[in-house]
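Since the structure comes first, as structure tokens, the remarks are kept for the end.
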Amino acid sequence: MLIRNAEVAGLLRDVRLRDGKVVSISATSSPVNKAPSNSSTPASPNDDDIDARGGALLPGLHDHHIHLHALAAATLGFRCGPPDVTDESALQSVLSTAKPDSGWLRGTGYFESVAGDLDRHRLDALRDDLPLRIQHRSGVMWFVNSLGIDSLKLNSHSSGIPAGAVERDASGRASGRIFRADDWLRTRLPASTPPDLATLGAELAGYGVTALTDCTPTNGEEELARFRLAQETGALPQRLCAMGTLGIANASNDRLQIGAHKIMLDEPALPDFDDLIARVRAAHGESRGVAFHCVTRAEIIFALAALRAAETGCGNDRIEHASVAPPELFEEILSLGVSIVTQPNFVYERGDGYLENVASRDIPHLYRLKSWTEAGVVLGGGTDSPFGRPDPWQAMRAAVDRQTATGHSLGPEEALSPEQALALFSPVLGATNTPSETKVPGLQVGSPADLCLLDVPWSIAREPLSADHVRAVFCAGIRV
Ligand SMILES: [Zn+2]
């Protein structure tokens, strides 16, 4: 396949793809500032050829933090939190039309700013005709209505409910709040419709995404088999790196790599420190990094202390989110060689809530970007979808304008240039550290033909940073 008249690193070129690779890039024809003239490569009568008409041809985007199965499942439920749903009447109207899946109504992304604390009484008032469960956007809590409580047998004493998982009122009845019990919940819920990775793969391709890192801690052999099948059948065209449990290290192939061992840290319930060190060493023993979920400063400090104590650092360790990161931690992060993978989209999606609810001393430390790049820390971006929206362009825009959904400014001193924002989603973590004013990454002969073609030159696309400019996407040389 030949892509003619594409803008590659600021110059018009013809790019040929074969066997999943970029096999040639023509000599410069002309700088991109007027309408492209005839291409320098002789025409060949191939229907596959594309005239890029001067649009930028970029390396495909890599979402470095996503949860595919949860995202596919979330499309069956409905959103209950900002920015889609911001107050009680909006929540009522979403719920009034919600349709069940496998007998349950299921909402996600709830936050207290919508309608305060939820319990079974509040949920019964919203819907009492079907079992209803709504997930808090932190992912650690579910709210269920009375029919849901009955269906899960939360008031029965012989049901194997994990200790502390079910909150009870003064009379000992379940309040409707369930904490950190997803594994157990799965055993109680009807098998839901298998996640449709094909719809998701197509949606992500529409954003120009050609590679993904799935950061789900529970990924094991079963999930890997599903990913592999989805890739083999073409349902999931993207290259995938899957994090997960220990002991899955031998499953890598060209399209599916095994990534770091994911460790969730939760400040109110931090794990035993020695056990944590043992897990870090075990991951390193599998030649894998560890990726710590850290949203508070205490969680980052705990993770760094465990990495330091393990003394087995492998250069592939990551902190996910780093939502609150005070500068006194930078030196230790640099010295341990830990990468940061963060979510600028939360500035837009959740920023208004942060400005109201986060302690003012922590506001300047929220979802830093520029500070990391200036300190020389390796930085990447991911949407954390379904906890965030899966559109990396929205994340890039928030990285540049640092604006919340209602237009308030959040940490403007942490803003990146559009080119650095693009580099957050480059296949290589840390591409943001290369100072580049207006240059976008070029393409190399021999590199994988995972490409994103825009309908305009980069000089135009860099302002709106919108997925609307994605015109075509190639995964391993195949247009998807
Ligand atoms: Zn996540």
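The values are calculated or read from the model by the stated rules, or taken from the named source; none is laboratory data. Quick caveat, the model's predicted, so the values are computed rather than measured. Neighbour counts are summed over all protein chains in view; Cβ atoms, including those assigned to glycine, are modelled from backbone coordinates with ideal geometry.
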Next on the checklist: Can you name every one of the helices (runs of 4 or more DSSP H) wholly within region 78-130 that holds 2 or more residues which are surrounded by fewer than 19 Cβ atoms within 10 Å (Cβ to Cβ) and of a type in the set (Val, Ile, Thr)?
Outcome noted: 88-97
Item to check | Residue ranges of strands (runs of 3 or more DSSP E) in region 163-252 with at least 3 members surrounded by 15 or more Cβ atoms within 10 Å (Cβ to Cβ) and touching a residue at least 60 places away in the same chain (Cβ under 8 Å) | outcome: 209-214
Item to check | Some residue of region 370-392 being of a type outside the set (S, T, N, Q), in a strand (DSSP E or B), in contact with a Phe, Trp or Tyr (Cβ under 9 Å, 6 or more places away or on another chain) and within 16 Å of the ligand (Cβ to nearest atom) | outcome: yes
Checklist entry - Can you find even one residue in region 96-107 that is modelled with pLDDT under 95, away from the ligand (no atom under 16 Å from the Cβ), more than 30 Å from residue 214 (Cβ to Cβ) and outside the structural domain of residue 404 (by TED's automatic domain parsing)? => result yes
Checklist entry - Across region 2-49, what is the total count of residues that are surrounded by fewer than 20 Cβ atoms within 10 Å (Cβ to Cβ), within 13 Å of residue 455 (Cα to Cα) and at pLDDT 95 or above? => result 0
Checklist outcome for this item: Taking first residues from region 271-290 that are assigned by TED's automatic domain parsing to the domain that holds residue 252 and second residues anywhere that are surrounded by 16 or more Cβ atoms within 10 Å (Cβ to Cβ) and among the polar types (S, T, N, Q), the pairs with Cβ under 7 Å that are 6 or more apart or on different chains are 288/316; 289/316
Checklist entry - residue 415 passes all but one of (1) surrounded by fewer than 18 Cβ atoms within 10 Å (Cβ to Cβ); (2) in the same structural domain as residue 346 (by TED's automatic domain parsing); (3) more than 19 Å from the chain's Cα centre (by Cα); which number fails? => result (1)
Next on the checklist: Could you list, ordered by first residue, the pairs with Cβ atoms under 6 Å in which the first is in region 344-370 and in the same structural domain as residue 380 (by TED's automatic domain parsing) and farther than 17 Å from residue 399 by Cβ and the second is in a loop (DSSP other than H, G, I, E, B) and of a type in the set (Val, Ile, Thr), at least 6 apart or interchain?
Outcome noted: 352/404; 352/406
Item to check | Of all residues making up region 420-437, the number that are farther than 18 Å from residue 63 by Cβ and touching a residue at least 40 places away in the same chain (Cβ under 8 Å) | outcome: 1
